[in-house]
Amino acid sequence: MAARRAAVVVVAVLTMAACAGSRIEGNVFRGESGYRVTLPAGPWRVVQAGEAGLELRHAVAPAGMLVNATCVSAAVRRPPELLVRHLLVGVRDREVLEAGEMPVNGRVATHTLLEGRWREGEDRVRIEAYVLKGTECVYDLLYVAAPGVFAEGRDEFRRFVESFDAE
């Protein structure tokens, strides 16, 4: 339950400039801003909610994935550390587990893995975020889950991230 609430909060964080008009063809989601990702197999369901380009929720476990594009020149000019901090607004009692740059399908992403609590709750969540900067857009890929089930969906999330391509 906490991770589902967490996913909704993360969607709210992404409202600053999401691009609409995306579509799913076969097993590939294409965002209007020109990016695409392959949907994970298994019990992941597409949710029509908020401003995120794509939100997925696990059918059984308290977990969610998001991908979003922010196509505002001011966002593209911001340093990656600031972009990550913006994504984590509302997360308190943070404990960073991993941070640094990671390769993603031929690009360099700012990667962060942390645990924390949402401002309005006591349940801990684990959040993995990849932020990629393009020439015109910033792309955020997030995985949020209760710490006890996080590992179960992490490989699916990594495949989801590796499938990302900005066309």
Counted residues in the range 133-167 being in a loop (DSSP other than H, G, I, E, B), closer than 16 Å to Pro103 by Cα and among the acidic types (Asp, Glu) come to 0
Select from the range 131-163 the residues that are hydrophobic (A, V, I, L, M, F, W, C) and under 21 Å from Pro79 (Cα atoms) and write down the one among them that is farthest from the chain's Cα centre (by Cα). Cys137
For the range 47-69, the count of residues that are touching a Ser or Thr at 6+ places or on another chain (Cβ under 9 Å) and at pLDDT 90 or above equals 2
For the range 142-157 the number of residues that are surrounded by fewer than 22 Cβ atoms within 10 Å (Cβ to Cβ) and either closer than 18 Å to Val84 by Cα or of a type in the set (A, V, I, L, M, F, W, C) (or both) is 3
Enumerate the pairs (first residue in the range 148-160 and touching a residue at least 60 places away in the same chain (Cβ under 8 Å); second residue anywhere and assigned to a helix (DSSP H, G or I)) with beta-carbon separation below 8 Å, excluding pairs fewer than 6 apart on the same chain, so at least 6 apart or on different chains. Val149/Ala3
Of all residues being at pLDDT 90 or above and over 15 Å from Asp140 (Cβ atoms) in the range 18-35, which is surrounded by the fewest Cβ atoms within 10 Å (Cβ to Cβ)? Just the residue, please. Asn27
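This table checks each residue for (1) crowded, with 16+ Cβ neighbours inside 10 Å; (2) charged (D, E, K, R); (3) assigned to a helix (DSSP H, G or I).
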site: Ala74; (1), (2), (3): no, no, yes
site: Val84; (1), (2), (3): yes, no, yes
site: Ala99; (1), (2), (3): no, no, no
site: Gly116; (1), (2), (3): yes, no, no
site: Gly121; (1), (2), (3): no, no, no
site: Glu128; (1), (2), (3): yes, yes, no
site: Val131; (1), (2), (3): yes, no, no
Residues satisfying the stated conditions in the range 102-114, i.e. assigned to a strand (DSSP E or B) and either in contact (Cβ under 8 Å) with a residue 12 or more places away in the chain or aromatic (Phe, Trp, Tyr) (or both): Met102, Val104, Arg107, Val108, Ala109, Thr110, His111, Thr112, Leu113, Leu114
Which residue out of Glu101, Glu95, Glu162, Glu156 is farther than 27 Å from Ala41 by Cα and among the acidic types (Asp, Glu)? Glu95
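The values are calculated or read from the model by the stated rules, or taken from the named source; none is laboratory data. All values reported here derive from a predicted model rather than from experimental measurement. Backbone-built Cβ (ideal geometry, glycine too); neighbour counts: all protein chains shown.
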